[in-house]
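The next block holds one structure in the form of structure tokens; read it before the comments.
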Amino acid sequence: MSLTPEQVEDIAVVAASRAARDAAHAAVEEAAKKAAEQAAQKAAMSREEASTLVAEAVRQTLLQLGVDSTNPLEMQRDFQHLRQWRRAGEDLRGKGMFVLLSIFLSGLVGLIVVGIKEWFGK
């Protein structure tokens, strides 16, 4: 079976197309692998950068709040002092309410006693 030049040309075009398509697929796959590797490297760097950025943001926030973050033990003592002040304020408020209630009730009892004495004193 003999092939005509047109048939040979068609076979050559189909073979070249297949070869080009296979080469393109291989190139795309290789490029995708390289892109994935680069993305993974960038992600690892961005995690480190994110960690650095978060640490700096926390440091700046504490500084704006007036807290020195360079000495954590001193910071803990400051917070402990603030907690003691808060508790003392709460205790004072509770005891103050108790004293006011006691004064009010003592006055009321005194008024009732004076009223009873006046009632029976007549």
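Look at the dipole of the chain built from charges on Cβ: of Ala55, Gly89, Leu101, the Cα furthest out on the positive end belongs to Leu101. The eigenvalues of the Cα gyration tensor, multiplied by 5 and square-rooted, give the chain an equivalent ellipsoid with semi-axes of 94, 25, 7 Å from largest to smallest. When +1 charges are put on Lys and Arg Cβ atoms and -1 charges on Asp and Glu Cβ atoms, the dipole computed for the chain relative to its Cα centre reaches about 1520 debye.
Ranking Asn71, Ala27, Ile11 by Cα position along the charge dipole of the chain, where only Lys, Arg, Asp and Glu carry charges on their C-beta atoms, puts Asn71 farthest toward the positive end. Here the stretch 10-67 is treated as an ellipsoid with the same Cα gyration tensor; its semi-axes, largest first and in whole Å, are 54, 7, 4. Run lengths n ≥ 4 of DSSP H only: what is the helix-derived mean residue ellipticity at 222 nm for the chain, with -39500 (n - 2.57) per run over all residues, to the nearest 500? The helix-only estimate for the chain comes to -34000 deg cm²/dmol at 222 nm.
Laboratory data are not the source of any read-out in this text; all were calculated from the coordinates shown. Predicted model only: the values in this text are computed from it and were never measured. Reconstructed Cβ throughout: ideal geometry from the backbone, glycine too, with neighbour counts over all protein chains shown.
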